[in-house]
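We did not get these values from a lab; they are worked out from the coordinates using the rules stated. Everything numeric in this text was worked out from a predicted model, so none of it was measured. All Cβ positions, even for glycine, are placed from backbone atoms using ideal geometry, and neighbour counts span all protein chains on display.
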Amino acid sequence: MFTAILLDKNDDGATSARLAQLDERALPADGDVLVRADYSTINYKDGLAITGKAPVVRSWPMVPGIDGAGEVIASSHPDWKAGDEFILNGWGVGESYWGCLAQRARLKGGWLIARPPGMSARTAMAIGTAGYTAMLCVMALEEQGVAPDSGDILVTGASGGVGGIAVALLANRGYRVVASTGRLAEADYLASLGAAEVIDRAALSTPAKPLQKERWAGVVDSVGSHTLANAVAQTRYGGSVAACGLAQGMDFPASVAPFILRGVRLIGIDSVMAPPPKRVAAWARLAKELDADKLAAITREIGLAEALVQAPELLAGKVRGRLVVNVNA
Ligand code: NDP
């Protein structure tokens with residue numbers, strides 16, 4: 001038996017979340033790797049799944065948890081054997097397939113990547129999909145030629161998970177980072193992560209004029225909607241915007257003017273189905289480049305029961321940084 005968060009849906013369509021004791025035999029049969037998940041995390045999507053606020057869960061009952069790190073217990077997949085240390089991010093796990101907010105999971109070997117040498121399961125999950133996505137954004141900007149001497153980089157949703165890790169990664173690479181937040185009380189925290197300047201997100205969250213004063217060489221946006229539209233309209237000639245999130249909204253009320261008059265590039269970032277070589281590259285860079293003290297400042301550890309309480313708080317924008325879940329606590 002093992003402990004897990006279990007989500008259910010009743011006949012009226014109402015969803016519920018609770019801690020449950022489950023039998024290993026209940027795990028999905030089509031996985032070829034049985035794992036012990038030591039740590040998981042609460043990402044925005046896990047918040048949506050646990051609260052039922054958006055229909056991210058595709059089958060019921062569901063064990064949420066889009067991220068996991070721990071050790072392989074048994075495997076019939078050629079790449080994995082008992083004792084191997086893994087990281088799991090995405091692939092629909094915790095949405096269509098039982099996930100890692102649980103002490104056990106049965107997963108597909110092709111979804112797992114090896115944990116970088118020396119990285120603990122806890123560190124991997126403090127980073128989680130949020131941090132791995134932040135790195136995908138940094139990599140995307142750099143692939144477009146954005147460099148520390150190109151000019152200021154805007155990071156939106158900076159007090160959140162993706163935003164905080166993006167600020168830390170960019171600052172460590174020598175970029176001048178401008179952090180946008182609705183929580184100006186967190187200005188010292190953002191400065192400690194490396195933000196050179198902190199701005200009020202209110203300046204970006206109302207309807208955007210098509211072209212505005214050129215300001216950003218690059219943008220990491222986890223917010224979407226008007227914020228993304230304003231960020232694009234303020235991006236300098238030839239600059240690039242990595243769009244990964246929708247915390248303000250899924251809409252994109254913008255004009256094509258920045259694209260056709262300034263050659264601005266808008267790059268979509270997806271972590272869920274990203275191919276394995278890209279994941280391995282992102283995690284290798286995270287292992288090398290993410291400052292351990294900054295990650296510690298970003299992270300708070302909770303247990304499975306507390307995860308149920310924190311999920312709505314995260315969606316309400318009240319959680320700073322990252323929540324790492326010790327599934328044995
Ligand atoms: P968090 O909840 O940790 O952070 C989101 C932040 O967005 C908040 O902390 C807040 O920052 C800001 N925010 C919240 N509501 C609003 C609003 N109404 N208007 C403007 N800003 C707002 O979530 P994550 O960092 O884990 O995820 C961020 C986004 O990225 C989510 O939309 C998530 O779905 C998406 N995502 C996408 C991935 C992909 O593969 N494309 C992977 C991972 C995440 P502040 O208080 O500083 O303003």
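Before moving on, here are some points about what is shown:
- Of the residues examined, Glu214 is not one that is more than 23 Å from Pro253 (Cβ to Cβ), surrounded by fewer than 24 Cβ atoms within 10 Å (Cβ to Cβ) and touching a residue at least 12 places away in the same chain (Cβ under 8 Å).
- Selection status of Val232, of a type in the set (Val, Ile, Thr), closer than 15 Å to Val138 by Cα and more than 10 Å from the ligand (Cβ to nearest atom): no
- For the range 104-149, the candidate set comprises residues that are closer than 21 Å to Leu304 by Cα and among the charged types (D, E, K, R); within that set, the residue that is surrounded by the fewest Cβ atoms within 10 Å (Cβ to Cβ) is Arg122.
- Residue within the range 103-126 that is within 24 Å of Glu313 (Cα to Cα), touching a residue at least 60 places away in the same chain (Cβ under 8 Å) and either within 12 Å of the ligand (Cβ to nearest atom) or assigned to a strand (DSSP E or B) (or both) present: no
- Single unsatisfied condition, Ile73 versus (1) over 15 Å from the mean Cα position of the chain (by Cα); (2) in a loop (DSSP other than H, G, I, E, B): (2)
- Meets criteria (within 11 Å of the ligand (Cβ to nearest atom), closer than 19 Å to Gly239 by Cβ and among the β-branched types (Val, Ile, Thr)) for Thr133: no
- Evaluated against (1) within 19 Å of Leu190 (Cα to Cα); (2) assigned to a loop (DSSP other than H, G, I, E, B); (3) away from the ligand (no atom under 11 Å from the Cβ), Gly317 falls short on exactly one condition, (3).
- Among residues that are of a type in the set (Val, Ile, Thr) and under 22 Å from Gly160 (Cβ atoms), Ile73 is not included.
- Residue pairs whose Cβ atoms lie under 6 Å apart, sitting 6 or more positions apart in sequence or on different chains, and linking a residue in the range 172-192 that is closer than 19 Å to Thr227 by Cα and of a type outside the set (S, T, N, Q) to a partner that is assigned to a helix (DSSP H, G or I) and more than 12 Å from the ligand (Cβ to nearest atom), are Val177/Leu170; Val177/Ala171.
This table checks each residue for (1) surrounded by 19 or more Cβ atoms within 10 Å (Cβ to Cβ); (2) of a type in the set (A, V, I, L, M, F, W, C).
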{"position": "Thr3", "(1), (2)": "no, no"}
{"position": "Leu6", "(1), (2)": "yes, yes"}
{"position": "Arg18", "(1), (2)": "no, no"}
{"position": "Arg25", "(1), (2)": "no, no"}
{"position": "Val33", "(1), (2)": "yes, yes"}
{"position": "Asn43", "(1), (2)": "yes, no"}
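- So Gly70, is it touching a Gly at 6+ places or on another chain (Cβ under 7 Å) and either among the aromatic types (Phe, Trp, Tyr) or without any contact (Cβ under 8 Å) to a residue 60 or more places away in the chain (or both): no
- Output for the range 253-296, where each listed residue is closer than 20 Å to Gly160 by Cβ, away from the ligand (no atom under 13 Å from the Cβ), surrounded by 14 or more Cβ atoms within 10 Å (Cβ to Cβ) and hydrophobic (A, V, I, L, M, F, W, C): Leu286, Leu290, Leu295
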